[in-house]
Amino acid sequence: MSSDTPALPVVKRRIPASVMRRFIGQHLTEVVSSLVAVALAIFFTIESPNFFTSANALVLSQFIAPFAIFALAEVPVLILGEIDLSVGQMYIVSPFFVTYWNHAGVPVLASVVLALLVCCGLGLINGLVSVSLRVPSFIATLGMAFALRGIILIYSHGAPTNPIGSGTLVNILGGWPWSEAFWALGIAAVMHVMLRGTTFGLHIVAVGGNTESARESGIRVDYIKIWCFVLCALLGGLMGIVDGYHLGSLDPATDGLTFMFYGVTSAVIGGTALTGGRGTMVGACIGACVLGMIKNGFLILGTSSFALDLVTGLTILVAMILNVQIELATSKRGSRGSFGQVVSVIFTIFVQRRKGRVRS
Amino acid sequence: MTPNGGTNEPAGVEDVLRTEHISMSFGPVIALRSVNLHLRRGEVLGLVGDNGAGKSTLVKILTGLHRPDGGRIYLEGEEVKFRSVRDARQHGIETVFQNLALVGELSVYHNLFLNREYTRGGWFRFLGNRVMRAAARQFLDEIGVNIPSVDTPVAELSGGQRQAIAVARAVRQENIKVLLLDEPLAAMGAKETSLIIGLINSLSKKANVSIIVIDHNYTHLFEICDRINVIQHGQVTVDKSLSEIKLEELIEFMVQTFRGSGKTLVD
Ligand SMILES: Nc1ncnc2c1ncn2[C@@H]1O[C@H](COP(=O)(O)OP(=O)(O)O)[C@@H](O)[C@H]1O
Ligand SMILES: [Mg+2]
């Protein structure tokens, strides 16, 4: 044994900095989050016989899919260093737009298309207000969220209704139990290719990473930002229509901000930096899985709905602390996520204080 | 070469770039009052001036990033008004900005091709990463820039390497007529400096590219430039070809004006 020990560091040094290592280094948050997801799955499987079943797979997919779509919608905006607080409210109002156009005499399919166009228009307003009028997106989209809530409560008199239409179209949109999961997977695939494989995606990362450099490289920064707000609103609206048909009823009083925060939280759990410049679609989906499993798992365990929020909050915190700490421990440059920065600052102060105490 | 006569001549064809009375203010701050300068074909013009003299602002105007409040720009005798960086690039103006305009999160090859990506799939503009990666590798090897991997995020490179990438990006373009270099040697070691100086020399002599270099190291400037312009308080105050001014004279002049302005401030 003792003769082997000195040989170990030599062997370690010989390992080249492989592609795999670079990948893990660059996507550490995603890797850690998927480990957290696996750990949660194992935990709930041990704790309850009802978790790892085909019946629950469907239920779980219906938890994860909306979180995933909100997260996917937010990722480009977050990479830009902006945020869209209105995406959840877009989700609440879009099925009412379908109803509105249908009552105006437009066929269901066309109404859906029109409703999505209206959402794009509202996203365009978000973009123009924050980019052209220079209102911080946090405020611009918060204003939009409240305005949309007001409009839809006035329009519906606060009364829940049923979504318009029936048949194959409705089944594809959301009537079929698995349709939400398929929408989420499809949107994830498209968004992933968009972000990683097109100039548009590259320019999003460029603008988010260094706006001034992007501008000096001739990238139309404003145009990129506005399109990301439009895309976010479109996905929020689409999700609303899908989920409306899935649930079979529309409640105008539902709080959209909560949905939006689930999306942002999923994205951040999956490695998107709130300060911009970094984020992946795969990570957003992993984050949504973590969040969805927490919700679904603790419900299965019989946690009361009051305690559920507490448990959810604590689990998010634990998952993020784990994530940040592992990242800090392994990365040479500790400047990744905003959480990472905050924790590293606190950590440095703490260490310096202790050093000071030791000296004195 | 006609010494110091350029400004008095009519807009001759030998002037690739000429500016007349360029002015620009940022709110109350007057960055440029009235800049008249000209640049001959294949010439290397050194631009010196204190910090805040307006050098970078002039570069940003010439490259389409800022629109000047007043004045005219002539490119090969014709008046041009750049609407964007893309527009200026299409006219053959390439720039290395003072802050380098690199994105730390992106790889070396994505930075080299930023906003000039090799794409496939028409309207969708899918990135041709493999082509870009290979082309980046080949080009950097060709000009002698030593980067271990073109996949490395630029944030992980040294200051000198980053500057080399920024310069490489500008000189890679084929239709380049005018190259603007805003303090391209600031963070560089001796080896990288001589590499860039070599690049500048070969571009101006072989490819007949006209170059404006901004730098605070007058020794370097005297190595590469044909002519020196001094910019002070938003104006070109000295325009001398190298045959008319010695390094010591320039240093003396700059130090004196610096002291002079200090005096007036105190008085
Ligand atoms: N974007 C800007 N906004 C406001 N003021 C600016 C801006 N860019 C430059 N300035 C001001 O214009 C003046 C000239 O700056 P600059 O062109 O960067 O000088 P130099 O490159 O010669 O050091 C400075 O006083 C600077 O503060
Ligand atoms: Mg400058």
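The values are calculated or read from the model by the stated rules, or taken from the named source; none is laboratory data. Since this is a predicted model, take the numbers as computed values, not measurements. Heads up, the Cβs are rebuilt from the backbone with ideal geometry, glycines too, and the neighbour counts pull from every protein chain shown. Side chains are part of the model used for accessible areas, which takes the heavy atoms of the whole protein and leaves out ligands, DNA and RNA. Shrake-Rupley method; radii C 1.70, N 1.55, O 1.52, S 1.80 Å.
Element breakdown for the protein assembly as shown at a 1.4 angstrom probe: carbon and sulfur atoms account for 63% of the accessible area.
Please give the helix A:87-103 orientation as an angle from the longest Cα principal axis of chain A, in degrees from 0 to 90, rounded to the nearest 10. With rounding to tens, the tilt is 20 degrees. Checking the a/c ratio against 1.5 first, then a/b against b/c, what shape does the Cα gyration tensor give for the range A:202-300? Here the range A:202-300 falls in the oblate category. If you count the DSSP beta bridges with both ends in the protein assembly as shown, what percent of them are antiparallel, to the nearest 5? So the antiparallel bridges in the protein assembly as shown amount to around 60 percent.
How far is helix A:221-247 tilted off the main Cα axis of chain A, in degrees rounded to 10, range 0 to 90? Roughly 70 degrees, rounded to the nearest 10. Mean residue ellipticity at 222 nm, helices only, chain B: -10500 deg cm²/dmol; runs of at least 4 DSSP H residues each add -39,500 (n - 2.57), and the sum is divided by the number of residues.
Over all alpha-carbon pairs in the range A:28-325, figure out the percentage whose distance exceeds 32 Å. Summing the P(r) of the range A:28-325 above 32 Å gives 25 percent of all pairs. Taking both sides together, the accessible area buried where B meets A is about 2000 Å² for a 1.4 Å probe. Averaged over its residues, chain B has an accessible area of 47 Å² per residue, based on protein heavy atoms and a 1.4 Å probe. Put simply, the protein assembly as shown fits an ellipsoid with semi-axes of 54, 32, 22 Å; these come from the alpha carbon gyration tensor as the roots of five times its eigenvalues, largest first. Here A:Lys225 is the anchor, and the aspartates and glutamates within straight C-alpha reach of less than 20 Å, apart from those fewer than 8 places off in the same chain, are A:Glu74, A:Glu82, A:Asp84, A:Glu212, A:Glu216, B:Glu105, B:Glu117.
Ignoring the sites themselves, chain A has its longest run without trypsin sites (Lys or Arg not before Pro) in a DSSP loop having at most 15 other Cβ atoms within 10 Å at A:135-331. What you get for the protein assembly as shown, charging only the Cβ of Lys and Arg (+1) and of Asp and Glu (-1), is a dipole of about 1140 debye around the Cα centre.
Counting only protein chain heavy atoms and rolling a 1.4 Å probe, the accessible areas of A:Cys120, A:Cys232 rank, largest first, as A:Cys120, A:Cys232. What the range A:28-325 shows is 39 Å² of accessible area per residue, with the surface traced by a 1.4 Å probe over protein heavy atoms. Across the range A:178-188, computed HN-Hα scalar couplings (Karplus, 6.51 cos²θ - 1.76 cosθ + 1.60, θ = phi - 60°) run 8, 4, 4, 4, 5, 4, 4, 5, x, 5, 4 Hz from first to last residue, x flagging Gly and Pro. In chain B, the longest principal axis of the Cα atoms and the axis of helix B:190-205 are about 80 degrees apart.
Roughly how far apart, in whole Å, are the Cα centres of the range A:230-275 and the range A:163-209? Using only Cα atoms, the two centres lie 12 Å from each other. Shape annotation for the range B:127-267: C-alpha extents along the principal axes are 62, 33, 27 Å, from largest to smallest. Gyration tensor analysis over the Cα atoms of chain B returns equivalent ellipsoid semi-axes of 32, 21, 19 Å (largest first, whole Å).
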